[in-house]
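*Asks:* Structure in structure tokens, see below.
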Amino acid sequence: MIRSEILKEIAPILRDQLVVCNIGIPSQELHAIDDQPTNFYMLGTMGLASSIGLGLALAQPKTVIAIDGDGSVLTNLGTLPTIGNNAPSNYILMIIDNGSYGSTGDQPTYTGKKTDLAGMARAAGCDNVVVVQDVDTGKALQEAIDGGKATVMVVKCDSGNAKMPVITMDPVVIKHRFMEAVKA
Amino acid sequence: MNIDKKIADDLVANDVSFVTTVPCKQLAGVIDEIENRDDIFHIPSNKEDEGMGLCAGAFMGGKRPAIIMQNTAIGVTINTLATLTQYYRMPLPMIISYRGELREPVACQVEMAVHTKALLAQLNIPTYHFHWQKDVEEFDNILKYTFMCNKPVAILTDANFWGGYGDQ
């Protein structure tokens, strides 16, 4: 499975949750598959989905799912110790690990070689790290939501992108709509 | 006047309850003060752009955030400031240790100091420079201004403001 197929499959689960989605094609795919006010789309700033999600989870009690990528986590590796030492029980980091920088043309990342993100997350102090194969994502995500503890999911899948339109929504509208959904 | 306490008091009075920090010798006292306040959640960051991401999330979750960092961080965070904090129009008080200014003992710090105000000006970030201890009296107004206009705002605090280094 590629990322867009996973997102299609888990869209019914994501719909009821606060989602912070990674920059580029992941946000475009989620927006096209199932746009929701509870989705915060990153339009810029590679690497910070996990951090924005963590700040949000710390600030309010609803479950937060940060959808990140292997390349983006590699660009902000300092996030893992911060998560490991501070993540509250309502925080789920779902790393779609397809071993490539999808938005820029599928150049390989190091996670497709020797680097093990799950091992790095554990070493950083994240207590609950699960490695999931693409077909099992929905089940694992639901378990993480129901489990009520901070979770890092590393979802192994194939490299590739669906052709989706860019997001033309104004960033301030995305933020406002999201903040209203957070408060609701 | 205890500057560290005054800064923390003003943060609390302005309902700032989520503060991320990257360490600095000059800022050690204020970071300690914030760590010890019950009404402020303190989360250290490993890098300043990470901290700005945390602050963006906290803001959308209903908290008023602030970041404490060195001016070298302006070099690290320009993209984040432009495409996250400014693009989505979010408020962010940035309490910045202005290394490389008067009374700085480390020559290399001057290299970023000479670019700091130009970079902030290029980004259209409102910028205040605290040089004398009494300048801290403006801090409360700056916080109110920041959350009024929903922008990142820089407060540069130099070594003279902090009373120099221990050996001076």
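*Asks:* Pairs, please: C-beta under 6 Å, at least 6 apart or cross-chain, first residue part of a strand (DSSP E or B) and in segment B:35-55, second open to solvent by 40 Å² or more (accessible area, probe 1.4 Å) and acidic (Asp, Glu)?
*Replies:* Within 6 Å, the pairs are B:His42/B:Glu35.
*Asks:* Then there's this: All but one of (1) more than 17 Å from A:Thr75 (Cβ to Cβ); (2) open to solvent by 10 Å² or more (accessible area, probe 1.4 Å); (3) aliphatic (A, V, I, L, M) hold for B:Ile78, so report the exception by its number.
*Replies:* Among (1) more than 17 Å from A:Thr75 (Cβ to Cβ); (2) open to solvent by 10 Å² or more (accessible area, probe 1.4 Å); (3) aliphatic (A, V, I, L, M), B:Ile78 violates only (1).
*Asks:* Now, a different point. Name every residue in segment B:87-114 that is open to solvent by 60 Å² or more (accessible area, probe 1.4 Å) and either within 14 Å of chain A (Cβ to nearest Cβ) or free of Cβ contacts under 8 Å to residues at least 60 places away in the same chain (or both), in order of residue number.
*Replies:* Within segment B:87-114, B:Tyr87, B:Arg89, B:Leu102, B:Val106, B:Ala107, B:Cys108, B:Glu111, B:Val114 meet the criteria.
*Asks:* Out of A:Thr38, A:Thr63, report the one residue that is away from chain B (no Cβ under 11 Å), open to solvent by 10 Å² or more (accessible area, probe 1.4 Å) and under 22 Å from B:Arg89 (Cβ atoms).
*Replies:* Answer to the check: A:Thr38.
*Asks:* Condition first: more than 14 Å from chain B (Cβ to nearest Cβ) and touching a helix residue (DSSP H, G or I) at 6+ places or on another chain (Cβ under 7 Å). Now tell me which residues in segment A:160-184 satisfy that.
*Replies:* Selection gives A:Asn161, A:Ala162, A:Met164, A:Pro165, A:Val166.
*Asks:* Shifting gears a bit: Just the residues that are small (Gly, Ala, Ser) and away from chain B (no Cβ under 14 Å), please, taken from segment A:5-35.
*Replies:* From segment A:5-35, those small (Gly, Ala, Ser) are A:11, A:24, A:27, A:32; that's our starting set.
Scanning segment A:5-35 gives A:Ala11, A:Ala32.
*Asks:* Among the residues of segment B:115-159, how many are open to solvent by 30 Å² or more (accessible area, probe 1.4 Å) and polar (S, T, N, Q)?
*Replies:* Final tally of qualifying residues: 6.
*Asks:* Continuing with the same structure: Could you say which residue among A:Leu93, A:Leu80 is within 14 Å of chain B (Cβ to nearest Cβ), open to solvent by less than 10 Å² (accessible area, probe 1.4 Å) and more than 13 Å from the chain's Cα centre (by Cα)?
*Replies:* A:Leu80
The values are calculated or read from the model by the stated rules, or taken from the named source; none is laboratory data. Note that this is a predicted model, so its numbers are computed, not measured. Positions of Cβ are generated from backbone atoms using ideal geometry, with glycine treated the same way; all protein chains shown enter the neighbour counts. Protein only, heavy atoms only, side chains kept; ligands, DNA and RNA dropped before computing areas. Shrake-Rupley method; radii C 1.70, N 1.55, O 1.52, S 1.80 Å.
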